[in-house]
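Mind looking over this structure? Questions follow.
The values are calculated or read from the model by the stated rules, or taken from the named source; none is laboratory data. Remember, it's a predicted structure, so these values are computed and weren't measured experimentally. Cβ: placed from backbone, ideal geometry, glycine included. Neighbour counts: every protein chain shown. Note: areas computed on protein heavy atoms with side chains; ligands, DNA, RNA excluded. Shrake-Rupley method; radii C 1.70, N 1.55, O 1.52, S 1.80 Å.
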Amino acid sequence: MKNGTVTASKFMLLGSMLIFGSIGIFAKFTSLPSDIVAISRGFIGAAFLAAVKLITDKKLSFKIKRRDLLILLLSGGFLGINWILLFESYKYTSVAVATLCYYLAPVFVLIAAPFLLKERLDAKKIFCLLVSLVGMAFVSNLLGGSLPSFSEARGILFGTGAAVLYAALIIANKKISHIPSFEKTLSQLLFSGVILIPYAVFSGSFKEVTFEPKDILLISIMGIIHTGLAYLLYFSSIKLLDVQTVALWGYIDPLSAIIFSSIILPAEKLGSNGIIGAVLILGSAILCEIKFKKPTK
(Lines give C-alpha, C1' and ligand atoms only; values in the text may rest on other atoms or scores of the structure.)
Protein backbone atom coordinates (compact mmCIF):
# COMPACT_ATOMS: atom_id res chain seq x y z
CA MET A 1 0.00 0.00 0.00
CA LYS A 2 2.89 2.31 0.83
CA ASN A 3 4.46 1.82 -2.63
CA GLY A 4 1.18 2.81 -4.24
CA THR A 5 1.01 5.93 -2.07
CA VAL A 6 4.59 6.86 -2.98
CA THR A 7 3.78 6.40 -6.67
CA ALA A 8 0.74 8.65 -6.30
CA SER A 9 2.95 11.23 -4.58
CA LYS A 10 5.37 11.14 -7.51
CA PHE A 11 2.51 11.69 -9.95
CA MET A 12 1.33 14.69 -7.91
CA LEU A 13 4.88 16.08 -7.84
CA LEU A 14 5.16 15.57 -11.60
CA GLY A 15 1.83 17.33 -12.11
CA SER A 16 2.90 20.32 -10.02
CA MET A 17 6.19 20.64 -11.95
CA LEU A 18 4.42 20.50 -15.34
CA ILE A 19 1.94 23.15 -14.18
CA PHE A 20 4.76 25.41 -12.94
CA GLY A 21 6.58 24.85 -16.23
CA SER A 22 3.65 26.07 -18.32
CA ILE A 23 3.06 29.43 -16.59
CA GLY A 24 5.38 31.28 -18.98
CA ILE A 25 3.12 30.41 -21.91
CA PHE A 26 0.09 31.93 -20.18
CA ALA A 27 2.02 34.99 -18.98
CA LYS A 28 3.19 35.56 -22.56
CA PHE A 29 -0.38 36.09 -23.78
CA THR A 30 -1.58 38.56 -21.14
CA SER A 31 -1.39 42.30 -21.78
CA LEU A 32 -1.66 43.22 -18.09
CA PRO A 33 1.25 44.95 -16.29
CA SER A 34 3.55 42.51 -14.50
CA ASP A 35 2.80 43.93 -11.04
CA ILE A 36 -0.97 43.47 -11.55
CA VAL A 37 -0.38 39.86 -12.64
CA ALA A 38 1.84 39.25 -9.58
CA ILE A 39 -0.69 40.80 -7.17
CA SER A 40 -3.53 38.78 -8.68
CA ARG A 41 -1.51 35.59 -8.53
CA GLY A 42 -0.66 36.15 -4.87
CA PHE A 43 -4.21 36.90 -3.70
CA ILE A 44 -5.95 34.25 -5.84
CA GLY A 45 -3.39 31.58 -4.88
CA ALA A 46 -3.70 32.45 -1.18
CA ALA A 47 -7.51 32.38 -1.37
CA PHE A 48 -7.41 28.95 -3.05
CA LEU A 49 -5.10 27.47 -0.39
CA ALA A 50 -7.15 29.05 2.42
CA ALA A 51 -10.34 27.53 0.96
CA VAL A 52 -8.70 24.09 0.81
CA LYS A 53 -7.55 24.47 4.42
CA LEU A 54 -11.07 25.40 5.55
CA ILE A 55 -12.67 22.51 3.64
CA THR A 56 -10.22 19.87 4.88
CA ASP A 57 -9.52 21.03 8.44
CA LYS A 58 -12.74 23.03 9.07
CA LYS A 59 -10.58 25.84 10.44
CA LEU A 60 -7.91 28.30 9.38
CA SER A 61 -5.38 28.91 12.15
CA PHE A 62 -1.76 29.99 12.11
CA LYS A 63 0.74 29.55 14.93
CA ILE A 64 3.26 32.14 13.81
CA LYS A 65 5.46 33.78 16.40
CA ARG A 66 6.00 37.52 16.31
CA ARG A 67 9.75 37.11 15.69
CA ASP A 68 8.98 35.20 12.47
CA LEU A 69 6.51 37.77 11.14
CA LEU A 70 9.19 40.14 9.83
CA ILE A 71 10.92 37.36 7.85
CA LEU A 72 7.55 36.23 6.47
CA LEU A 73 6.77 39.79 5.33
CA LEU A 74 10.24 40.15 3.83
CA SER A 75 10.03 36.80 2.04
CA GLY A 76 6.57 37.72 0.73
CA GLY A 77 8.13 40.84 -0.75
CA PHE A 78 10.92 38.76 -2.30
CA LEU A 79 8.30 36.45 -3.82
CA GLY A 80 6.21 39.27 -5.30
CA ILE A 81 9.11 41.25 -6.78
CA ASN A 82 10.60 38.02 -8.10
CA TRP A 83 7.36 37.39 -10.00
CA ILE A 84 7.32 40.93 -11.43
CA LEU A 85 10.87 40.54 -12.75
CA LEU A 86 10.10 37.09 -14.18
CA PHE A 87 6.95 38.29 -15.97
CA GLU A 88 8.92 41.27 -17.32
CA SER A 89 11.58 38.86 -18.56
CA TYR A 90 8.94 36.92 -20.52
CA LYS A 91 8.06 40.17 -22.36
CA TYR A 92 11.57 40.85 -23.64
CA THR A 93 13.00 37.40 -24.26
CA SER A 94 11.79 33.86 -24.89
CA VAL A 95 10.18 31.72 -22.20
CA ALA A 96 13.11 29.28 -22.46
CA VAL A 97 15.81 31.93 -21.94
CA ALA A 98 13.85 33.62 -19.12
CA THR A 99 13.43 30.24 -17.40
CA LEU A 100 17.12 29.39 -17.70
CA CYS A 101 18.07 32.78 -16.25
CA TYR A 102 15.60 32.16 -13.44
CA TYR A 103 17.22 28.82 -12.64
CA LEU A 104 20.46 30.58 -11.84
CA ALA A 105 18.92 31.00 -8.38
CA PRO A 106 20.87 27.99 -6.96
CA VAL A 107 24.07 29.72 -8.10
CA PHE A 108 23.24 32.81 -6.05
CA VAL A 109 22.31 30.63 -3.06
CA LEU A 110 25.72 28.93 -3.33
CA ILE A 111 27.48 32.31 -3.41
CA ALA A 112 25.54 33.67 -0.42
CA ALA A 113 25.49 30.47 1.67
CA PRO A 114 28.99 30.84 3.25
CA PHE A 115 28.13 34.37 4.43
CA LEU A 116 24.46 34.09 5.39
CA LEU A 117 23.99 30.41 6.23
CA LYS A 118 27.55 29.54 7.35
CA GLU A 119 27.60 26.66 4.84
CA ARG A 120 30.93 25.55 3.42
CA LEU A 121 31.55 25.94 -0.32
CA ASP A 122 33.24 22.66 -1.30
CA ALA A 123 34.95 21.69 -4.57
CA LYS A 124 31.81 20.16 -6.11
CA LYS A 125 29.76 23.30 -5.47
CA ILE A 126 32.49 25.54 -6.90
CA PHE A 127 32.64 23.34 -10.00
CA CYS A 128 28.84 23.51 -10.43
CA LEU A 129 28.98 27.28 -9.97
CA LEU A 130 31.58 27.71 -12.73
CA VAL A 131 29.77 25.35 -15.11
CA SER A 132 26.46 27.18 -14.68
CA LEU A 133 28.16 30.54 -15.36
CA VAL A 134 29.63 29.13 -18.58
CA GLY A 135 26.14 27.89 -19.45
CA MET A 136 24.77 31.38 -18.90
CA ALA A 137 27.42 32.74 -21.28
CA PHE A 138 26.11 30.33 -23.95
CA VAL A 139 22.46 31.24 -23.29
CA SER A 140 23.18 34.97 -23.60
CA ASN A 141 25.20 34.22 -26.78
CA LEU A 142 28.36 35.80 -25.37
CA LEU A 143 30.27 32.77 -26.64
CA GLY A 144 28.46 32.85 -29.97
CA GLY A 145 30.41 35.77 -31.38
CA SER A 146 27.64 38.36 -31.05
CA LEU A 147 26.03 40.36 -28.28
CA PRO A 148 22.28 39.99 -27.54
CA SER A 149 19.94 42.72 -28.76
CA PHE A 150 18.89 45.47 -26.35
CA SER A 151 15.48 43.84 -25.82
CA GLU A 152 17.02 40.41 -25.32
CA ALA A 153 19.55 41.85 -22.86
CA ARG A 154 16.72 43.43 -20.85
CA GLY A 155 14.94 40.09 -20.71
CA ILE A 156 18.13 38.37 -19.53
CA LEU A 157 18.71 41.02 -16.86
CA PHE A 158 15.11 40.78 -15.61
CA GLY A 159 15.33 36.96 -15.50
CA THR A 160 18.63 37.11 -13.62
CA GLY A 161 17.15 39.66 -11.21
CA ALA A 162 14.24 37.29 -10.61
CA ALA A 163 16.79 34.55 -9.82
CA VAL A 164 18.49 36.81 -7.25
CA LEU A 165 15.13 37.46 -5.53
CA TYR A 166 14.23 33.76 -5.65
CA ALA A 167 17.60 32.95 -4.05
CA ALA A 168 16.81 35.51 -1.34
CA LEU A 169 13.45 33.77 -0.81
CA ILE A 170 15.18 30.38 -0.46
CA ILE A 171 17.59 31.78 2.13
CA ALA A 172 14.76 33.49 4.02
CA ASN A 173 12.79 30.23 4.08
CA LYS A 174 15.78 28.47 5.65
CA LYS A 175 15.55 30.97 8.50
CA ILE A 176 11.91 29.98 9.14
CA SER A 177 12.12 26.28 8.30
CA HIS A 178 10.29 25.46 11.57
CA ILE A 179 7.02 26.90 10.16
CA PRO A 180 4.91 24.27 8.31
CA SER A 181 5.34 24.63 4.53
CA PHE A 182 1.62 25.00 3.78
CA GLU A 183 1.05 27.82 6.28
CA LYS A 184 4.33 29.49 5.30
CA THR A 185 3.47 29.52 1.59
CA LEU A 186 -0.09 30.74 2.19
CA SER A 187 1.25 33.61 4.29
CA GLN A 188 3.90 34.52 1.72
CA LEU A 189 1.38 34.51 -1.13
CA LEU A 190 -0.91 36.81 0.85
CA PHE A 191 1.92 39.12 1.92
CA SER A 192 3.28 39.29 -1.64
CA GLY A 193 -0.02 40.75 -2.84
CA VAL A 194 -0.29 43.16 0.11
CA ILE A 195 3.29 44.43 -0.26
CA LEU A 196 2.99 44.95 -4.03
CA ILE A 197 -0.19 47.07 -3.83
CA PRO A 198 1.66 50.30 -2.84
CA TYR A 199 4.14 49.69 -5.67
CA ALA A 200 1.30 49.28 -8.20
CA VAL A 201 -0.39 52.43 -6.87
CA PHE A 202 2.74 54.57 -7.18
CA SER A 203 3.66 53.12 -10.59
CA GLY A 204 0.19 53.99 -11.90
CA SER A 205 -0.63 50.44 -12.97
CA PHE A 206 -4.11 50.52 -11.41
CA LYS A 207 -5.00 53.70 -13.32
CA GLU A 208 -3.80 52.40 -16.69
CA VAL A 209 -5.03 48.81 -16.51
CA THR A 210 -8.16 47.61 -18.27
CA PHE A 211 -9.32 44.07 -17.59
CA GLU A 212 -10.32 42.40 -20.84
CA PRO A 213 -12.13 39.04 -20.63
CA LYS A 214 -9.00 37.31 -21.98
CA ASP A 215 -6.83 38.83 -19.26
CA ILE A 216 -9.31 37.94 -16.50
CA LEU A 217 -9.29 34.34 -17.72
CA LEU A 218 -5.49 34.22 -17.88
CA ILE A 219 -4.86 35.66 -14.40
CA SER A 220 -7.57 33.38 -12.98
CA ILE A 221 -5.79 30.36 -14.48
CA MET A 222 -2.39 31.56 -13.24
CA GLY A 223 -3.79 32.19 -9.76
CA ILE A 224 -5.92 29.06 -9.34
CA ILE A 225 -4.04 26.47 -11.41
CA HIS A 226 -0.43 27.70 -11.56
CA THR A 227 -0.34 28.88 -7.96
CA GLY A 228 -3.06 27.40 -5.74
CA LEU A 229 -3.42 23.94 -7.31
CA ALA A 230 0.29 23.61 -8.17
CA TYR A 231 1.37 24.39 -4.60
CA LEU A 232 -1.32 22.10 -3.20
CA LEU A 233 -0.10 19.19 -5.36
CA TYR A 234 3.49 19.99 -4.45
CA PHE A 235 2.95 20.05 -0.68
CA SER A 236 0.70 16.98 -0.81
CA SER A 237 3.37 15.04 -2.72
CA ILE A 238 6.51 15.79 -0.69
CA LYS A 239 5.24 14.23 2.56
CA LEU A 240 6.28 10.70 1.52
CA LEU A 241 9.21 11.52 -0.77
CA ASP A 242 12.82 11.99 0.26
CA VAL A 243 14.44 15.41 -0.06
CA GLN A 244 16.77 14.45 -2.94
CA THR A 245 13.90 13.06 -5.03
CA VAL A 246 11.92 16.27 -4.56
CA ALA A 247 14.96 18.42 -5.40
CA LEU A 248 15.87 16.48 -8.55
CA TRP A 249 12.29 16.21 -9.82
CA GLY A 250 12.07 19.98 -9.39
CA TYR A 251 14.10 20.36 -12.59
CA ILE A 252 11.18 18.96 -14.57
CA ASP A 253 9.80 22.52 -14.22
CA PRO A 254 12.45 24.29 -16.38
CA LEU A 255 12.76 21.37 -18.78
CA SER A 256 9.01 21.32 -19.38
CA ALA A 257 9.01 25.13 -19.79
CA ILE A 258 11.60 24.83 -22.56
CA ILE A 259 9.68 22.00 -24.26
CA PHE A 260 6.28 23.75 -23.97
CA SER A 261 7.66 27.01 -25.40
CA SER A 262 9.33 25.25 -28.33
CA ILE A 263 6.05 23.49 -29.21
CA ILE A 264 3.54 26.29 -28.58
CA LEU A 265 5.84 29.21 -29.46
CA PRO A 266 7.97 27.81 -32.33
CA ALA A 267 9.54 31.23 -32.96
CA GLU A 268 11.17 30.92 -29.51
CA LYS A 269 13.09 27.70 -30.15
CA LEU A 270 16.52 27.57 -28.55
CA GLY A 271 19.47 27.64 -30.92
CA SER A 272 22.52 25.40 -30.56
CA ASN A 273 24.16 27.78 -28.06
CA GLY A 274 20.95 27.92 -26.03
CA ILE A 275 20.74 24.12 -25.91
CA ILE A 276 24.37 23.87 -24.74
CA GLY A 277 23.70 26.53 -22.12
CA ALA A 278 20.55 24.74 -20.93
CA VAL A 279 22.46 21.47 -20.52
CA LEU A 280 25.25 23.20 -18.58
CA ILE A 281 22.95 25.25 -16.29
CA LEU A 282 20.45 22.52 -15.48
CA GLY A 283 23.10 19.78 -15.44
CA SER A 284 25.25 21.66 -12.92
CA ALA A 285 22.21 22.41 -10.76
CA ILE A 286 21.16 18.75 -10.76
CA LEU A 287 24.72 17.63 -9.99
CA CYS A 288 24.82 20.02 -7.05
CA GLU A 289 21.62 18.45 -5.65
CA ILE A 290 22.92 14.88 -5.84
CA LYS A 291 24.29 13.58 -2.56
CA PHE A 292 26.97 10.95 -3.08
CA LYS A 293 27.28 8.37 -0.31
CA LYS A 294 30.74 7.80 1.10
CA PRO A 295 31.94 4.19 0.76
CA THR A 296 31.82 2.28 4.03
CA LYS A 297 34.78 0.25 5.21
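Which of the helices in the chain, when you take each full DSSP H run, stretch at least 20 Å along the axis at their Cα atoms and have an average Kyte-Doolittle score of 0.0 or higher? If you can, show how the numbers build up before the last one.
Details: long enough: 2-21 (28 Å, 0.79); 34-57 (34 Å, 1.25); 66-92 (40 Å, 0.73); 123-139 (24 Å, 1.95); 150-175 (38 Å, 0.85); 181-203 (32 Å, 1.07); 272-289 (26 Å, 1.66).
Counting only whole DSSP H runs, the qualifying helices are 2-21, 34-57, 66-92, 123-139, 150-175, 181-203, 272-289.
Hey, what's the range 36-76 come to in accessible area per residue, 1.4 Å probe, Å²?
60 Å²
What is the dipole size for the range 6-66, taken about its Cα centre, with +1 at each Lys and Arg Cβ and -1 at each Asp and Glu Cβ, in debye to the nearest 20? Write out the running numbers ahead of the final one.
Values: 9 positive and 2 negative charges, 81 e Å.
I would put it at about 380 debye.
Okay, next question. So which trypsin sites (Lys or Arg not before Pro) in the range 22-100 pass both tests, a DSSP loop state and at most 10 other Cβ atoms within 10 Å of the Cβ? The partial results should precede the final answer.
Details: sites: K28, R41, K53, K58, K59, K63, K65, R66, R67, K91; in loops: K58, K59, K63, K65.
Answer by residue number: K58, K59, K63, K65.
Spin-label point model (7 Å from Cα, Cβ direction): what's the I216 to S31 distance in nm?
1.6 nm
Order the peptides 226-235, 9-18, 264-273 from the highest to the lowest mean number of other Cβ atoms within 10 Å of their residues. Mind showing how you got there, number by number?
Values: 226-235: 21.7, 9-18: 18.5, 264-273: 13.5.
Packing proxy ranking, top to bottom: 226-235, 9-18, 264-273.
Is there a quick way to get the dipole size of the range 121-223? I mean about its Cα centre, with the Cβ of Lys and Arg at +1 and of Asp and Glu at -1; what is the value in debye to the nearest 20? Mind dumping the intermediate values first?
On the way: 8 positive and 6 negative charges, 72 e Å.
Using only the charged Cβ atoms, the result is roughly 340 debye.
With +1 assigned to the C-beta of every Lys and Arg and -1 to the C-beta of every Asp and Glu, and no other charges, what is the dipole magnitude of the range 44-105 about the Cα centre in debye, to the nearest 20? Don't jump to the answer; show the numbers that get you there.
Working: 8 positive and 3 negative charges, 92 e Å.
Value, rounded to 20: 440 debye.
Moving on. As an exercise, identify the trypsin sites (Lys or Arg not before Pro) in the range 107-144 lying in DSSP coil whose Cβ has no more than 14 other Cβ atoms within 10 Å. Before the final figure, lay out the partial values.
Numbers: sites: K118, R120, K124, K125; in loops: K118, R120.
Listed in order of number, the matching sites are K118, R120.
Roughly how far apart, in whole Å, are the Cα centres of the range 44-99 and the range 181-251?
One Cα centre to the other: 5 Å.
Rounded, prolate or oblate, given the Cα gyration tensor of the range 1-139, with a/c below 1.5 counting as rounded?
Numbers: a/c = 1.41, a/b = 1.23, b/c = 1.14.
Rounded shape, in that the Cα axes give a/c under 1.5.
Next question. From the P(r) of the range 200-297, can you give the percent of Cα pairs sitting at distances over 18 Å?
Details: 3299 of 4753 pairs.
Within the range 200-297, distances greater than 18 Å cover 69 percent of Cα pairs.
With the cut-off at 1.5 for a/c, could you classify the chain from its C-alpha gyration tensor as rounded, prolate or oblate? Numbers along the way, then the final one.
Details: a/c = 1.43, a/b = 1.05, b/c = 1.37.
It comes out rounded by the Cα gyration axes.
Please compute the per residue accessible area over the range 175-297 with all protein chains in place, 1.4 Å probe, rounded to a whole number of Å². Please list the in-between numbers first.
Values: 6910 Å² over 123 residues.
Heavy-atom accessible area per residue stands at 56 Å².
So, one more: Under the Cβ-under-4.7 Å rule, which cysteines of the chain stay unpaired?
Cysteines lacking a close Cβ partner in the chain: C101.
Further question: Against the 2.2 N^0.38 Å scaling, with N counting residues, where does the range 136-262 land? I'd like the Cα-based Rg ratio to two decimal places. Provide the component values of the computation, followed by the final result.
Details: Rg = 18.2 Å, N = 127, 2.2 N^0.38 = 13.9 Å.
In units of the globular-protein estimate, the range 136-262 measures up at 1.31.
Right, here's the next one. Go ahead and run the numbers for FRET between L241 and L265, Cβ-Cβ distance against an R0 of 22 Å, rounding to 0.05.
Working: r = 32 Å, r/R0 = 1.45.
With a Förster radius of 22 Å, E is 0.10.
Once neighbouring chains are kept in place and the probe is 1.4 Å, which whole percent of the accessible area of the chain is contributed by carbon and sulfur?
Values: 10700 of 15310 Å².
Carbon with sulfur: 70 percent of the solvent-accessible area.
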